[in-house]
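Asks: Here's a structure for you.
The values are calculated or read from the model by the stated rules, or taken from the named source; none is laboratory data. Remember, it's a predicted structure, so these values are computed and weren't measured experimentally. Here the Cβ positions follow ideal geometry from the backbone for every residue, glycine too, while neighbour counts run over all protein chains shown.
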Amino acid sequence: MGNLIEIYKTYDPMEASLAKAKLMDEEIWFEITGESQLTVTMETFNTPLARMALKQPIKIFVKPEDEERAKLALYTDKSNLLNDDYEY
């Protein structure tokens, strides 16, 4: 992986997909390890518990110059689903 910095680690494939989507939305280049395709692996292996038991996390790496932007993209909640500005 050379000069890349690990920015995110999870055992949950759905969480990894969300992290990838956030980085893609911000047009940040990244590499990912530990990701498996359900068509190739058994579905039971791709569960968070199975990944933890086998010590197979999904890791996302970015370039050092993108580290701050990536952290901001991953850890900032831009959703407004829970805003309480709706009238009941």
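Asks: Please go through the range 60-75 and pick out each residue that is part of a helix (DSSP H, G or I) and surrounded by fewer than 19 Cβ atoms within 10 Å (Cβ to Cβ). Before you say what the answer is, go through the steps one by one.
Replies: Let us first name the residues in the range 60-75 that are part of a helix (DSSP H, G or I), namely 64-75.
Pro64, Glu65, Glu67, Glu68, Arg69, Lys71, Leu72, Leu74, Tyr75 - these are the residues of the range 60-75 that are part of a helix (DSSP H, G or I) and surrounded by fewer than 19 Cβ atoms within 10 Å (Cβ to Cβ).
Asks: Which residues, counting only those in the range 50-71, are in contact (Cβ under 8 Å) with a residue 12 or more places away in the chain and of a type in the set (A, V, I, L, M)?
Replies: Filtering the range 50-71 for residues in contact (Cβ under 8 Å) with a residue 12 or more places away in the chain gives 51-52, 56-64, 66-67, 69-71.
Within the range 50-71, Met52, Ile58, Ile60, Val62, Ala70 meet the criteria.
Asks: Identify all residues within the range 10-34 that are among the hydrophobic types (A, V, I, L, M, F, W, C) and touching a residue at least 24 places away in the same chain (Cβ under 8 Å); write none if there are none.
Replies: If the condition is that a residue be among the hydrophobic types (A, V, I, L, M, F, W, C) and touching a residue at least 24 places away in the same chain (Cβ under 8 Å), then Ala16, Ala19, Leu23, Ile28, Trp29, Phe30, Ile32 are the ones that fit.
Asks: Out of the residues in the range 1-17 meeting the condition of being surrounded by 13 or more Cβ atoms within 10 Å (Cβ to Cβ), within 22 Å of Leu49 (Cα to Cα) and among the hydrophobic types (A, V, I, L, M, F, W, C), tell me which one is modelled with the highest pLDDT.
Replies: Out of the qualifying residues, it is Ile7.
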